[in-house]
Amino acid sequence: MPELPEVETVRRGLIQILPGRRFVDVKIRQNRLRKEIPASALRKHLPGQTVKDIRRRGKYLLIGLSQGGTILLHLGMSGVLIIDPPENDLYQHDHLLFIFDRGELRFRDPRRFGLVDWISDGHPEQHPLLASLGPEPDDPEFNLEYCLRRAFSSSRPIKNWLMDGRFVAGVGNIYASEALFAAGIRPDRPAGNLTAGEWKRLIHALRGVLKEAIEQGGTTLKDRGFKDLLGKGGRFQHHLRVYGRAGEPCTACNDPVQKVMLAGRSTFYCPACQK
DNA sequence: ATTGTCCCCTGCCCGC
DNA sequence: TGCGGGCAGGGGACAA
């Protein structure tokens, strides 16, 4: 569900609320997510600590603690964080509850593709799940030279390349389609065949799409889709140009938007506008 | 080394 | 109304 803009939306919410709060308890109702929640480590290290900072790396959230250690969170497909929910509002898929001296942060994830981990040392970037992540899309390191080098001679469709976190972090199914539309590049083009000019357009388009999506608070496709900390949906679904719009007229040329499957994922594009 | 397939899990929507 | 199949915004393990 959540890609970079949605996770960033959550991060910006957390940074307004969590710093200074003190953990007093951790309640785990279901510890089998993508990876088992390290219950004993969280119970051992969290109580008494306060939240120092909240960072994002790709689709991962990192909650840094005052006396060392970091909570690593990934929302998977269906995960949401909820701040200070009403006490009588506990749901079946509320798996993890961080209890603070005032209030509570809750992790809800029906599909359990999410992940919670504990990083004890001061180098969270070396965590196995983060170490192989590519640069952030807005990192200067993610530039023309980098893309040409990492995609050299690759026959993978460019959309699959964009969604591979080892090349660039945080791009998922929605924003890959949207960025390729904005760049005018067909999603099934082999990544190794893009020209320098096309890469420049793509890098620029990706950054632009992500920036606008963050400004709009992310994408909420359905009522049950992404929600921020306070349970509010995003607004970028009203700005989507191709995603989910199969058969509808292209906003640029009126030709019908096409849907194809790439690597098992729905992919949307305009055959007239994207070459 | 790169690339595709399968799988984890629940819920919803569609067609029969 | 019930049921099976397919699909859902992620990503890791594995095999070819």
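Quick note: the coordinates plus some simple rules give every number you see, no bench work behind them. Predicted model, so just to flag it, every value in this text is computed and none were measured. Don't worry about glycine lacking a Cβ; one is built from the backbone with ideal geometry, like all the others, and counts go over all protein chains shown.
What trypsin sites (Lys or Arg not before Pro) does region A:35-144 have in DSSP loop regions with at most 11 other beta carbons within 10 Å?
The qualifying sites are A:ARG102.
About its Cα centre, how strong a charge dipole does region A:125-230 have in debye, to the nearest 20, once Lys and Arg get +1 and Asp and Glu get -1 at the Cβ? Show your work: numbers first, answer last.
Values: 14 positive and 14 negative charges, 89 e Å.
The calculation lands at about 420 debye.
Mind listing the long-range amide H neighbours of A:ARG22? Cut-off is under 5 Å, sequence gap 5 or more, other chains count too, H placed in the peptide plane at 1.01 Å from N.
Amide H neighbours of A:ARG22: A:ASP101, A:ARG102.
Got a sec? How would A:TYR269, A:TYR91 order by Cβ neighbour count within 10 Å, fewest to most? Don't skip to the end; give the middle numbers.
Numbers: A:TYR269 27, A:TYR91 12.
Final ranking by Cβ density, sparse to dense: A:TYR91, A:TYR269.
Which value, in debye to the nearest 20, describes the size of the charge dipole of region A:1-138 about its Cα centre when Lys and Arg Cβ atoms bear +1, Asp and Glu Cβ atoms bear -1, and nothing else is charged?
Values: 21 positive and 18 negative charges, 59 e Å.
Computed charge dipole of region A:1-138: roughly 280 debye.
Let me spell out the model: positive unit charges on the Cβ of Lys and Arg, negative unit charges on the Cβ of Asp and Glu, origin at the Cα centre of chain A. What dipole size does that give, in debye rounded to 20?
Working: 42 positive and 31 negative charges, 94 e Å.
The calculated dipole for chain A is roughly 440 debye.
Fewest Cβ neighbours within 10 Å first, please rank A:SER78, A:SER40 accordingly. Mind dumping the intermediate values first?
Details: A:SER78 18, A:SER40 9.
With the sparsest Cβ surroundings first, the list reads A:SER40, A:SER78.
Run the quick spin-label model on A:ARG12 and A:ARG235: label points 7 Å from Cα toward the beta carbon, then report their separation in nm to one decimal.
A separation of 1.1 nm, rounded to one decimal place.
Roughly speaking, what is the stretch gain from A:ALA131 to A:LYS35, that is 0.36 nm per residue apart minus the C-alpha to C-alpha distance, in nm to one decimal?
Numbers: separation 96, 0.36 × 96 = 34.56 nm, distance 1.72 nm.
Once the chain is fully extended between A:ALA131 and A:LYS35, it gains 32.8 nm.
What residue among A:ASN193, A:ASN173, A:ASN254 has the largest mean-square fluctuation in a Gaussian network model of chain A, using Cα springs under 10 Å?
Maximum fluctuation in the GNM of chain A, among the listed residues, is at A:ASN254.
Output the pairs from A:LYS200/A:LYS232; A:LYS52/A:LYS159; A:LYS27/A:LYS232; A:LYS27/A:LYS52; A:LYS44/A:LYS222 with a Cα-Cα distance over 31 Å in this structure; if there are none, say none. Before the final figure, lay out each step's value.
On the way: A:LYS200/A:LYS232 35 Å; A:LYS52/A:LYS159 37 Å; A:LYS27/A:LYS232 25 Å; A:LYS27/A:LYS52 21 Å; A:LYS44/A:LYS222 38 Å.
Where the Cα-Cα span goes over 31 Å, the pairs concerned are A:LYS200/A:LYS232; A:LYS52/A:LYS159; A:LYS44/A:LYS222.
How many percent of all Cα-Cα pairs in region A:200-244 sit more than 13 Å apart? Can you show the working numbers first?
On the way: 563 of 990 pairs.
So the pairs more than 13 Å apart make up 57 percent of the total in region A:200-244.
Let me have the 222 nm mean residue ellipticity of chain A computed from DSSP H runs of 4+ only, each contributing -39500 (n - 2.57), with the sum over all residues rounded to the nearest 500. Numbers along the way, then the final one.
Details: 7 runs with 69 residues, N = 275.
After summing the helix terms and dividing by residue count, I get -7500 deg cm²/dmol.
What translational diffusion coefficient, in µm²/s and rounded to a whole number, does the Stokes-Einstein relation yield for chain A at 37 °C and a viscosity of 0.692 mPa s, taking the hydrodynamic radius as the Kirkwood radius over Cα pairs? Let's see the in-between values first.
On the way: Rh = 19.6 Å.
In µm²/s, the coefficient is 167.
How far apart, in nanometres, would the label points at A:ASP53 and A:GLU248 be if each is projected 7 angstrom from Cα along the Cα-to-Cβ direction?
Rounded to a tenth, the inter-label distance reads 4.0 nm.
Which longest run of chain A has no exposed loop site in it, a site being GluC sites (Glu not before Pro) in a DSSP loop with at most 11 other beta carbons within 10 Å, and the site itself not part of the run?
Values: sites that count: A:GLU87, A:GLU141.
Longest run free of exposed loop sites: A:142-275.
Could you check which residue among A:ASP164, A:ASP255, A:ASP188 shows the biggest mean-square fluctuation in a GNM of chain A with a 10 Å Cα cutoff?
A:ASP255
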